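First the structure, in the form of C-alpha coordinates, and then the observations on it.
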Amino acid sequence: MLKIENQLDVKKWGKWYLGKVKTSKFKDFGCHLFCWAYLYSVKLGRQVLPSEVDGIFVREGVYEGDMINSERAARALGMQWLGKEKDISKPPKYFPTIKEVDFSIKGGKQQHFVIRTKIGGKNVILDPYGGVERPINYYEKVTNAPNWENGHFSYRLIKI
(Lines give C-alpha, C1' and ligand atoms only; values in the text may rest on other atoms or scores of the structure.)
Protein backbone atom coordinates (compact mmCIF):
# COMPACT_ATOMS: atom_id res chain seq x y z
CA MET A 1 0.00 0.00 0.00
CA LEU A 2 1.32 3.42 -0.96
CA LYS A 3 1.72 6.04 1.76
CA ILE A 4 2.66 9.65 2.14
CA GLU A 5 6.08 9.86 3.76
CA ASN A 6 6.39 11.65 7.11
CA GLN A 7 8.60 14.69 6.59
CA LEU A 8 9.04 14.98 10.37
CA ASP A 9 10.83 11.60 10.60
CA VAL A 10 14.22 12.98 11.65
CA LYS A 11 15.89 9.57 11.57
CA LYS A 12 14.93 9.12 7.94
CA TRP A 13 14.99 12.71 6.61
CA GLY A 14 16.96 14.80 9.13
CA LYS A 15 20.06 15.05 6.92
CA TRP A 16 18.30 15.69 3.60
CA TYR A 17 18.00 19.09 1.92
CA LEU A 18 15.85 20.34 -0.97
CA GLY A 19 17.87 20.35 -4.14
CA LYS A 20 21.16 22.12 -3.62
CA VAL A 21 19.93 24.50 -0.89
CA LYS A 22 21.71 23.47 2.30
CA THR A 23 19.44 25.58 4.52
CA SER A 24 16.12 23.99 3.50
CA LYS A 25 15.74 20.62 5.18
CA PHE A 26 13.15 18.07 4.11
CA LYS A 27 11.71 18.09 7.64
CA ASP A 28 11.12 21.86 7.56
CA PHE A 29 10.29 22.65 3.93
CA GLY A 30 9.78 19.31 2.17
CA CYS A 31 5.98 19.03 2.04
CA HIS A 32 5.70 19.94 -1.66
CA LEU A 33 8.44 17.46 -2.58
CA PHE A 34 6.81 14.74 -0.47
CA CYS A 35 3.52 15.29 -2.33
CA TRP A 36 5.26 14.93 -5.69
CA ALA A 37 6.90 11.72 -4.42
CA TYR A 38 3.45 10.36 -3.52
CA LEU A 39 2.05 11.21 -6.98
CA TYR A 40 5.05 9.56 -8.61
CA SER A 41 4.50 6.49 -6.40
CA VAL A 42 0.92 6.27 -7.66
CA LYS A 43 2.11 6.63 -11.25
CA LEU A 44 4.74 3.88 -10.90
CA GLY A 45 2.66 1.64 -8.63
CA ARG A 46 5.43 1.40 -6.04
CA GLN A 47 6.63 3.48 -3.13
CA VAL A 48 9.02 6.18 -4.32
CA LEU A 49 11.03 8.06 -1.73
CA PRO A 50 11.24 11.85 -1.72
CA SER A 51 15.03 11.55 -1.99
CA GLU A 52 14.61 9.81 -5.37
CA VAL A 53 12.28 12.54 -6.64
CA ASP A 54 14.64 15.21 -5.27
CA GLY A 55 17.41 13.71 -7.42
CA ILE A 56 15.16 13.80 -10.50
CA PHE A 57 14.20 17.40 -9.77
CA VAL A 58 17.84 18.48 -9.42
CA ARG A 59 18.82 16.70 -12.64
CA GLU A 60 15.84 18.14 -14.57
CA GLY A 61 16.16 21.72 -13.27
CA VAL A 62 12.83 21.74 -11.43
CA TYR A 63 14.00 23.79 -8.44
CA GLU A 64 14.12 27.56 -8.26
CA GLY A 65 16.27 27.79 -5.15
CA ASP A 66 14.33 25.52 -2.81
CA MET A 67 10.97 26.15 -4.53
CA ILE A 68 9.49 23.58 -6.89
CA ASN A 69 8.25 24.79 -10.26
CA SER A 70 5.09 22.68 -10.62
CA GLU A 71 4.98 22.79 -14.40
CA ARG A 72 8.58 21.54 -14.67
CA ALA A 73 7.97 18.98 -11.91
CA ALA A 74 5.02 17.46 -13.74
CA ARG A 75 7.02 17.27 -16.97
CA ALA A 76 10.05 15.72 -15.20
CA LEU A 77 7.84 12.97 -13.75
CA GLY A 78 5.86 12.34 -16.95
CA MET A 79 2.63 13.91 -15.68
CA GLN A 80 0.33 16.53 -17.15
CA TRP A 81 0.33 20.05 -15.63
CA LEU A 82 -3.08 21.71 -15.97
CA GLY A 83 -2.46 24.82 -13.86
CA LYS A 84 -3.58 26.14 -10.49
CA GLU A 85 -7.18 26.53 -9.28
CA LYS A 86 -8.00 29.00 -6.48
CA ASP A 87 -11.80 28.71 -6.65
CA ILE A 88 -13.01 26.40 -3.85
CA SER A 89 -16.09 25.49 -5.89
CA LYS A 90 -13.91 23.97 -8.65
CA PRO A 91 -11.99 21.07 -7.10
CA PRO A 92 -10.58 18.62 -9.61
CA LYS A 93 -12.85 15.69 -10.37
CA TYR A 94 -9.92 13.26 -10.37
CA PHE A 95 -7.66 11.92 -7.64
CA PRO A 96 -4.98 12.26 -6.38
CA THR A 97 -3.68 15.78 -6.81
CA ILE A 98 -1.86 18.37 -4.72
CA LYS A 99 -3.72 20.82 -2.52
CA GLU A 100 -2.04 23.97 -1.22
CA VAL A 101 -3.25 24.98 2.23
CA ASP A 102 -2.64 27.78 4.71
CA PHE A 103 -0.31 26.53 7.44
CA SER A 104 -0.75 29.58 9.66
CA ILE A 105 -1.35 27.29 12.63
CA LYS A 106 2.43 27.53 13.08
CA GLY A 107 2.26 31.34 13.12
CA GLY A 108 2.43 33.85 10.30
CA LYS A 109 1.34 33.13 6.74
CA GLN A 110 2.84 29.87 5.64
CA GLN A 111 2.25 27.73 2.60
CA HIS A 112 1.86 23.95 3.01
CA PHE A 113 1.11 21.16 0.54
CA VAL A 114 -0.91 17.99 1.01
CA ILE A 115 -2.33 15.29 -1.25
CA ARG A 116 -6.05 15.44 -2.03
CA THR A 117 -7.40 11.95 -2.63
CA LYS A 118 -10.30 9.62 -2.01
CA ILE A 119 -10.05 6.70 0.42
CA GLY A 120 -12.98 4.41 1.12
CA GLY A 121 -15.25 6.67 -0.96
CA LYS A 122 -14.40 9.70 1.20
CA ASN A 123 -12.42 12.80 0.17
CA VAL A 124 -9.37 13.17 2.44
CA ILE A 125 -5.94 14.71 2.50
CA LEU A 126 -2.69 12.86 3.08
CA ASP A 127 -0.45 15.19 5.04
CA PRO A 128 3.34 14.86 4.93
CA TYR A 129 3.43 16.88 8.17
CA GLY A 130 3.24 13.76 10.31
CA GLY A 131 2.55 11.37 7.43
CA VAL A 132 -1.14 11.14 8.33
CA GLU A 133 -4.60 11.09 6.77
CA ARG A 134 -6.82 14.05 7.69
CA PRO A 135 -10.34 15.26 6.80
CA ILE A 136 -10.42 17.05 3.44
CA ASN A 137 -11.04 20.48 5.02
CA TYR A 138 -8.76 20.09 8.05
CA TYR A 139 -6.62 23.19 7.38
CA GLU A 140 -9.59 25.33 6.41
CA LYS A 141 -11.03 24.62 9.87
CA VAL A 142 -7.86 25.08 11.92
CA THR A 143 -7.09 28.40 10.21
CA ASN A 144 -10.74 29.51 10.41
CA ALA A 145 -11.03 29.96 6.63
CA PRO A 146 -13.96 27.71 5.65
CA ASN A 147 -14.48 29.42 2.29
CA TRP A 148 -10.81 29.99 1.44
CA GLU A 149 -11.47 33.70 1.87
CA ASN A 150 -7.89 34.40 2.93
CA GLY A 151 -6.58 33.28 -0.47
CA HIS A 152 -3.97 30.84 0.82
CA PHE A 153 -5.59 27.70 -0.58
CA SER A 154 -5.47 26.24 -4.07
CA TYR A 155 -5.32 23.06 -6.06
CA ARG A 156 -2.33 22.16 -8.20
CA LEU A 157 -4.00 20.53 -11.18
CA ILE A 158 -1.84 17.57 -12.10
CA LYS A 159 -2.98 14.48 -13.95
CA ILE A 160 -0.94 11.36 -13.60
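Looking at segment 22-42 only, could you name the residues that are closer than 18 Å to residue 158 by Cα and over 15 Å from the mean Cα position of the chain (by Cα)? Spell out the reasoning first.
Our first condition is that a residue be closer than 18 Å to residue 158 by Cα; within segment 22-42, this holds for 31-42.
Hits for segment 22-42: nothing passes.
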Does segment 126-146 contain any residue that is over 13 Å from the mean Cα position of the chain (by Cα), at pLDDT below 95, farther than 22 Å from residue 28 by Cα and among the β-branched types (Val, Ile, Thr)?
yes
How many residues does segment 25-74 hold that are within 16 Å of residue 6 (Cβ to Cβ), without any contact (Cβ under 8 Å) to a residue 60 or more places away in the chain and small (Gly, Ala, Ser)?
3
The conditions are (1) farther than 20 Å from residue 111 by Cα; (2) out of contact with any helix residue (DSSP H, G or I) (no Cβ under 8 Å at 6 or more places or on another chain), and residue 20 fails exactly one of them. Which is it?
(2)
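The values are calculated or read from the model by the stated rules, or taken from the named source; none is laboratory data. All values reported here derive from a predicted model rather than from experimental measurement. We place every Cβ from the backbone using ideal geometry, glycine too, and count neighbours over all the protein chains shown.
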